[in-house]
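See structure below.
The values are calculated or read from the model by the stated rules, or taken from the named source; none is laboratory data. The structure displayed is predicted, hence computed values, not measured ones. Every residue, glycine among them, receives a Cβ derived from its backbone with ideal geometry; neighbour counts consider all protein chains shown.
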Amino acid sequence: MKRVATISLIFIIAIAVFGCHKDNAREKVEKVITDIQEAAEHKDAGKIINNLSQIYSDPQGFNYESIRGLLVGYFFRYPKISVYINNLTISVENTSARAVLQTVLTSGEKTGSVTDVIPQSLGVWDFDVTLKKESSDWKVASAKWEQAEMMKK
């Protein structure tokens, strides 16, 4: 009986440790996403690039080197950028993670309400982001984005 209790206790502790580890990883992945959001609002291409893996490659044809040009183009074109994140879902499996989210990008001042800025909107975009754990950091390895269905004509 004592052996069963010991095994059960070890099993419960193992579940708690692995469960906490996964929650901690989700929090770190979410922090990467929110750091990128903040960097975009400050038009800080360098901070965004620092969150990308050196092996970054996406279906749109951008890689680690060329994504900076895309960012600089947006930052030059729009004097003020606000980013709202909706429906963020994060899944973590060992050393890879996936974040699926929708963003509303605006060129207006951030007011706290999406409905206040839609007329000045740069668009509503669906993102599917793949992250890899590199050393102790999570880095974006790929991202796919497309205009949200509700915005397509």
Inset, instruction - Give the range 38-50 a look and list any residue that's crowded, with 17+ Cβ neighbours inside 10 Å, in contact (Cβ under 8 Å) with a residue 24 or more places away in the chain and not in a loop (DSSP other than H, G, I, E, B), or say none. - result: Ala40, Ala45
Legend entry - Hits in the range 98-116 - residues which are under 22 Å from Gln147 (Cβ atoms), of a type in the set (Val, Ile, Thr) and at pLDDT below 85: Thr106, Val114, Thr115
Legend entry - Per-region count, the range 60-110, residues among the β-branched types (Val, Ile, Thr), outside any strand (DSSP E or B) and either surrounded by fewer than 16 Cβ atoms within 10 Å (Cβ to Cβ) or at positive phi (or both): 2
Inset, instruction - Kindly indicate the residue of the range 119-153 that is at pLDDT 90 or above and of a type in the set (Asp, Glu) and also surrounded by the most Cβ atoms within 10 Å (Cβ to Cβ) among those meeting that condition. - result: Asp126
Inset, instruction - Please name all residue pairs, on different chains or six or more residues apart, with Cβ atoms under 9 Å, provided the first residue is in the range 81-97 and is more than 17 Å from Ser142 (Cα to Cα) and modelled with pLDDT of 90 or more and the second residue is aliphatic (A, V, I, L, M) and not in a strand (DSSP E or B). - result: Val83/Ile36; Val83/Ala40; Tyr84/Val114; Tyr84/Val117; Ile85/Ile33; Asn86/Val114
Inset, instruction - Check Val32 against each of (1) modelled with pLDDT of 85 or more; (2) exposed (fewer than 12 other Cβ atoms within 10 Å of the Cβ); (3) closer than 23 Å to Val124 by Cβ and name the one condition it does not meet. - result: (2)
